[in-house]
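For reference, the structure is listed below as C-alpha cells.
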Amino acid sequence: MIRLLVGVLVFVIDGVYQNRPYPRFYVLETVARVPYFSYLSVLHLYETLGWWRKVDWLKVHFAESWNELHHLLIMESLGGNGRWADRFLARHTALVYYWIVIALYLMSPRAAYRFMELVEQHAYASYDKFLKQEEGTLKSQPAPQIAINYYRDGDLYMFDEFQTAHLPAHRRPEINNLYDVFVAIRDDEMEHVKTMVACQQPDAQHTFASPHTHLQPTKP
C-alpha cells in the first residue's frame, strides 16, 4: 500500500510535469509538506487526550514542515505556481494525502514514516537529476532572495532542528547562485530521509530527540 501511494504521487508529478521542472517541484513541495502536518495533528490529538507527549517529535516535525515551506516559497518565486491548473492539482492532491497519512499514522506510525522516507528519496533523486542536467544554466542565475534569507542570512535554529543526523551549526549551505540553492534543497531532502529512518527504529520513542535537545546538559 505504501509503495502504491508513493507510486501514484510519483506518476502524477513526473508524468504530468515531465518537461516543466519548476511547476513539478512546486507540486512536489506542496504535497511534501502534508505528511508532517498529519504527524503533528495526530501527535497533538494524543497529547490532548493525555495518551502521549513527545515534545521533540513535535519540534522536529514542525521544523521539517518549515523547511518544506521554504522549498515551496522558492519554487513560487521561480514561477512554479503561475498556472491555476497547477495550483488546483497541487492543493487537492495535498488535501487527499493529508487525510490518507492521518489514517496511516493512526494505524502504524512506522508505515507513515516509511511512506515519507520514500517520498523524500524520490525528491532527492529528482533534484539530483535536475542539477546534473541544468548545471550550467543554474549557475548563471542568481539565488532568489527567499533562499538567501532562509539558508544564509536568517535565524538558522529551525534549519538545524530537522537535521537529526547532525549537531546544530554543522551544515551551512553556500548560496551564491541558483545552482547552490538547488544543491541545498536536494541535501535537505536527504536529511529528511535520515530523520524518517530514525523515526522508524524500534526504540525511537525512547531515543529520538531533536539536535538541540542533544546539546542540553543532563540534570544531576
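The values are calculated or read from the model by the stated rules, or taken from the named source; none is laboratory data. Quantities reported herein were computed from a predicted structural model and do not represent experimental measurements. A quick note on method: Cβ atoms are made from the backbone with ideal geometry, for glycine too, and the neighbour counts reach across all protein chains shown. Note: areas computed on protein heavy atoms with side chains; ligands, DNA, RNA excluded. Shrake-Rupley method; radii C 1.70, N 1.55, O 1.52, S 1.80 Å.
Quick rundown of the values:
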quantity	calculated
Rounded FRET efficiency, nearest 0.05, which uses the C-beta distance separating I148 from D203 and R0 of 41 Å	0.55
Overall Cα dimensions of the chain - principal axes, largest extent first, Å	54, 38, 24
Test item: Cα-centred dipole of region 98-220, Lys/Arg +1 and Asp/Glu -1 on Cβ, debye	240 debye
Per residue accessible area in Å² of region 90-137, where ligands, DNA and RNA are left out and the probe is 1.4 Å	49 Å²
Among M116, G79, I2 - extreme Cα towards positive end, dipole of the chain, charges at beta-carbon	I2
Helical contribution to [θ] at 222 nm, DSSP H n ≥ 4, -39,500 (n - 2.57), averaged over the chain, rounded to 500	-22000 deg cm²/dmol
Difference of contour (0.36 nm per residue) and Cα-Cα distance, D128 to A169	12.4 nm
Area of M1 that stays accessible when all protein chains are in place (1.4 Å probe, Å², to 10)	140 Å²
Gyration tensor (Cα) of region 135-220, equivalent ellipsoid semi-axes in angstrom	30, 16, 8
Which listed pairs, of K129/K194; K54/K132; K59/K129, have C-alpha distances above 29 Å, in listed order	K54/K132; K59/K129
Percentage relative contact order, region 1-69, counting C-alpha pairs under 8 Å, at least six apart	31 percent
Gaussian network model of the chain, Cα within-10 Å springs - most flexible of D153, D56, D180	D153
Nitroxide proxy distance, nm - points 7 Å out along Cα→Cβ at S140 and R91	3.6 nm
Most fluctuating residue given options V12, V101, V119, as computed from a GNM of the chain linking Cα atoms under 10 Å	V12
Helical segments meeting 27 Å axial Cα length and Kyte-Doolittle 0.5 threshold in the chain (DSSP H)	84-107
Carbon/sulfur fraction of accessible area - the chain, other protein chains in place, 1.4 Å, %	58 percent
Region 27-144: C-alpha pair distances exceeding 22 Å, %	42 percent
Area accessible to solvent at I2, 1.4 Å probe radius, in Å²	30 Å²
Alpha carbon centroid spacing (whole Å) that separates region 126-151 from region 47-119	23 Å
Charged-residue dipole, Cβ positions (Lys, Arg, Asp, Glu), the chain about Cα centre, Debye nearest 20	420 debye
